[in-house]
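Report on one structure; see the data block that follows.
The values are calculated or read from the model by the stated rules, or taken from the named source; none is laboratory data. Note that this is a predicted model, so its numbers are computed, not measured. Cβ coordinates were reconstructed from backbone atoms using ideal geometry, including for glycine residues, and neighbour counts include every protein chain displayed. Note: accessible area is taken over every heavy atom of the protein model, side chains too, but ligands, DNA and RNA are not part of it. Shrake-Rupley method; radii C 1.70, N 1.55, O 1.52, S 1.80 Å.
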Amino acid sequence: MDDISKPGTGLTGLTGLTGLTGLPRRRGVLATAAALGATALAGCSVPAPRRVGPAADPAPGVPIVHTRRAQLMQFAAHPDDDLYFMNPDTQRMLDAGVPLVSVYVTAGEHNGVNRIKGMAETPPDRSAYSSARHQGLRQAYATLLGLDRFTPWQKGVATLRGGRRAEINTLVNGGRRVELIFLNLPMHTPRRYMALPALWNDRALELRTHLSTGSPVDRSDTYDHDQLTDVLVGLLDRYRPTVVQTLDPDPDLQSSSESQRRRDSEQPGYSDHGDHTAVACFSWAALIRWVAEAQKGPGEIPAFVATAFRGYYNRHWPKNLPPQVLKEKAGHLVPYGGDPDWECGNPSGCGDYGVGGDRPLTNHKGWVRATHHRWPGTGPAVVARPDGRLDAYGVLGLRAVRWRETGRGSGLWDDPTDLGGGPLAPALGSATLPDGRVLLFGVRFAAFAGHGGPNKREVVLLEQRSPDGPFLAWQGLGTPERKDDRGRRIGAPVAVTSPDGRVHLFVRNADKGVSTRVRSADGAWSPWRALPGTAEVQDGLAVSLDGEGRTHLYAAGRESVQHWVDGVLRTETLPLSGSTVASADGELYHQPPAAARLLGPAADAGLDGYGEVVAARSAALGTVLLGTDLAGRVAVRAGGRLRTGRRQAVSTALHLGSDRVTVVGLGLDAQPWTWRP
């Protein structure tokens, strides 16, 4: 998390520098003030690149290899980023028995002050503060595993790529396991306020790691841009996760006054901390390189699902966690924050005291009160084949894949077929043409070179050549934005085919509005255009057709849900939604802020929970709702009855046949499963 509004800090030390005091330099001249300007922090690109990242590879047909077991790996900038921004997702996977490896890139040393009101003044001690935060994480994850917060951990030293070393803490409870890995790069240096954004941008910079008090790591290492990326790749290859969680590499543009920005702890121009953005960029660069190395070496792609979480974005939007879930999430920050009176056995401190007690709930920024995915609603796209078997499409190993049901209604799936397109964000939209051909829409990392290279996103299309047949080559559809930095802010694509054969494609744009392109029945695409309306909306758009064939688009705004019909903004006042919305037959389903109750056109929709909701309607089955209950289990509301499944999923999709409901989930082992409630 790390609050940049604490006393004694500021951004003035970031620009106008020509060197680093006390740090080794690979070259004599470092980045200039222009190269390290405010936009560069979240823009993640400045001077000409020293090394070009792996190129986009849309060609299909690469083997994809499963480990056949679930493994969660998450990358955070600071101790507590996972607790604030990735929970309750992390907790739900731990509860399901999935082992966790959590990597913290910075030491979290900040200004070395770990004090709350009433404590005696002591000199700043960055090594001790880092150690206290690590102890807080051990306390928090011990409780997440159902153990006493002071349960001893096994501490050791992990050898990384290039001979670098990191502290590793391990705790096991029965079949459940957590490993915490501390790389301990500095948050700040004597001459720079935020070091990690500079490391992402600067092709000449090296950083020396911190030594936390009491750590088994007794010597410092140095990292440059490529070395940090390689270390992260090495960890990915060592653990071979099936689920990877990161922070947001492309945070929203955010304009505010300097005083407001500092109060909100945000970098200039963007709704997140600069360390969050830089570490997210390094994490996705590592994922892309890991896939490229695997393809070049063994010639196969590791099977994993990646997702990203919004950070300080939570400050600016309605909160989406109901009281029951919020209480549980905030409760795990209490042992992390700790208390100076605790006897935890760590002389440097028993947690990050400023986060302890009720402070996460009383903090005006409200970060803990929401959990937002960067690309929401990214469940598999499910399509019925002519013989009744189902096809499911998703993103695996940063590439589009297709799973085919082995037999009609079997619930069993063939191994995934690689459709290429990589590297893709986990944002796969779909539409089916009147003749049965499938269109898939994704967001490609068209360029992600780092340290000065281009950083670009684009919407891409994969079109089926014939019904149930092969696909054409991937096609780029660009973005609604003219500049790459703005193009990085686009959201997850959603699409629908109208009765006249036109396909309507929608994405959230950099201005937090909605842009659209329309494909005519003959296959020609219109230019991008912004839909009317000035209200800002969240990602997680919902689109459906009504009985007259009109296209209804809904988006959750700051003050109410926005509604367009055939591209025209409706003027009726709709309620406020806490998170994403759903739509079926042109009607709206939403959850009020901080509430579990799902509301529909007839008020209570009968599906309490949190997170993304899917709605669909058929003549035989009526409206069917798919969501997640308060315990994180998949739940379906159909025919006036609520059914709850026992399996958990990274994402789920809903398919309505002529007489039955089918839920297709992408499991924690990165393999699909089927549930017919």
Original post:
So which trypsin sites (Lys or Arg not before Pro) in the range 592-638 are both in a DSSP loop and have at most 13 other Cβ atoms within 10 Å of their Cβ?
Top reply: none
**OP:** Starting from the Cα of Thr170, step 7 Å along the direction of its Cβ; do the same at Asp415; then give the gap between the two resulting points in nm.
**Re:** 3.0 nm
Original post:
Of the peptides 488-498, 418-428, 91-101, how do they stack up when ordered by the mean number of other Cβ atoms within 10 Å, highest first?
Top reply: 418-428, 488-498, 91-101
Subject >> Dipole magnitude (debye, nearest 20) for the range 567-677, charges at Cβ of Lys, Arg, Asp, Glu >> reply: 360 debye
**OP:** Could you work out the relative contact order of the chain, using alpha carbon pairs under 8 angstrom and six or more residues apart, expressed as a whole percent?
**Re:** 13 percent
Subject >> For the chain, with +1 on Lys and Arg beta carbons and -1 on Asp and Glu, the positive-most of Thr213, Ala653, Gly567 along the dipole >> reply: Thr213
Subject >> Accessible area expressed per residue, the chain, with surrounding protein chains retained (probe 1.4 Å, Å²) >> reply: 35 Å²
Original post:
Can you pull out the trypsin sites (Lys or Arg not before Pro) in the range 377-463 that DSSP calls coil and that have at most 12 other Cβ atoms within 10 Å?
Top reply: Arg408
Original post:
For the chain, list the DSSP H helices whose alpha carbon atoms reach 18 Å or more along the long axis and whose average Kyte-Doolittle value is -1.0 or above?
Top reply: 126-144, 225-239, 274-296
Original post:
Okay, helix-only estimate at 222 nm for the chain: each DSSP H run of n ≥ 4 adds -39500 (n - 2.57), divide by all residues, round to 500 deg cm²/dmol; what do you get?
Top reply: -4500 deg cm²/dmol
Subject >> Using distinct alpha-carbon pairs, which all enter the 1/r mean, Kirkwood radius of the range 179-231 in Å >> reply: 11.9 Å
**OP:** Leaving ligands, DNA and RNA out of it, work out the accessible area of Thr652 with a 1.4 Å probe and give it in Å² to the nearest 10.
**Re:** 40 Å²
Original post:
Of Leu235, Ala492, Gly357, whose Cα points farthest to the positive end of the dipole of the chain (charges on the beta-carbon: +1 Lys, Arg; -1 Asp, Glu; origin at the Cα centre)?
Top reply: Leu235
Original post:
Near Glu463, within a Cβ-to-Cβ distance under 10 Å, what is the net charge of the other residues, with Lys and Arg +1 and Asp and Glu -1?
Top reply: +3
Original post:
Where does the longest stretch of the chain lie that holds no GluC sites (Glu not before Pro) found in a DSSP loop with 12 or fewer other Cβ atoms within 10 Å?
Top reply: 122-342
**OP:** State the Kirkwood hydrodynamic radius of the range 489-631 in Å, one decimal place, computed from all pairs of distinct Cα atoms.
**Re:** 15.5 Å
**OP:** Evaluate E = 1/(1 + (r/R0)^6) for His66 and Ala521, where r is the Cβ-Cβ distance and R0 equals 30 Å; express this FRET efficiency to the nearest 0.05.
**Re:** 0.15
Original post:
When only DSSP loop residues count, what trypsin sites (Lys or Arg not before Pro) in the range 514-554 have their Cβ near at most 12 other Cβ atoms within 10 Å?
Top reply: none
**OP:** Take the Cβ-Cβ distance between Ala158 and Thr122 as r, set R0 to 30 Å, and report the resulting FRET efficiency rounded to the nearest 0.05.
**Re:** 0.40
**OP:** For Arg529 and Asp358, calculate 0.36 nm times their separation in residues minus their Cα-Cα distance, and state this gained length in nm to one decimal.
**Re:** 57.0 nm
Original post:
What residue among Pro434, Pro322, Gly469 has its Cα farthest toward the positive end of the dipole of the chain, where the charges are +1 on Lys, Arg and -1 on Asp, Glu, each on the Cβ?
Top reply: Gly469
Subject >> Amide N of the range 540-573 lying under 20 Å from the label point, which is placed 7 angstrom from the Cα of Arg502 along Cα→Cβ >> reply: 542-555, 563-571
Subject >> Where labels lie 7 Å past Cα in the beta-carbon direction, separation of Arg408 and Ser257 in nm >> reply: 6.7 nm
**OP:** On each of the three principal axes of the Cα atoms of the range 307-420, give max minus min coordinate, whole Å, ordered largest first.
**Re:** 66, 35, 28
**OP:** Against the globular-protein guess of 2.2 N^0.38 Å, express the Cα radius of gyration of the range 87-129 as a ratio, rounded to two decimals.
**Re:** 1.78
**OP:** Would you calculate the separation in nanometres between label points at Arg641 and Leu621, each defined as 7 Å from the Cα along the Cα-to-beta-carbon direction?
**Re:** 1.3 nm
Subject >> Dipole magnitude (debye, nearest 20) for the range 189-306, charges at Cβ of Lys, Arg, Asp, Glu >> reply: 220 debye
Original post:
Roughly how many Å² of Trp153 are accessible to a 1.4 Å probe, to the nearest 10?
Top reply: 30 Å²
Original post:
Charges only on Cβ, +1 for Lys and Arg, -1 for Asp and Glu: so what's the dipole of the chain about the Cα centre, in debye to the nearest 20?
Top reply: 580 debye
Original post:
Across 20 Å bins from the origin, how do the percents of Cα pairs in the chain run, short distances first?
Top reply: 19, 55, 24, 2
Subject >> Under Karplus coefficients 6.51, -1.76 and 1.60, residue-wise ³J(HN,Hα) of the range 146-160 in Hz, glycine/proline x >> reply: x, 10, 5, 5, 9, 4, x, 10, 7, 10, x, 10, 9, 8, 10
**OP:** With the Cα gyration tensor of the range 173-326 in hand, give its eigenvalues times 5 under a square root as the equivalent ellipsoid semi-axes, listed largest first in whole angstrom.
**Re:** 27, 23, 18
**OP:** Apply 1/(1 + (r/R0)^6) to the Cβ-Cβ distance of Arg570 and Asp468, taking R0 = 41 Å, and write down the FRET efficiency to the nearest 0.05.
**Re:** 0.60
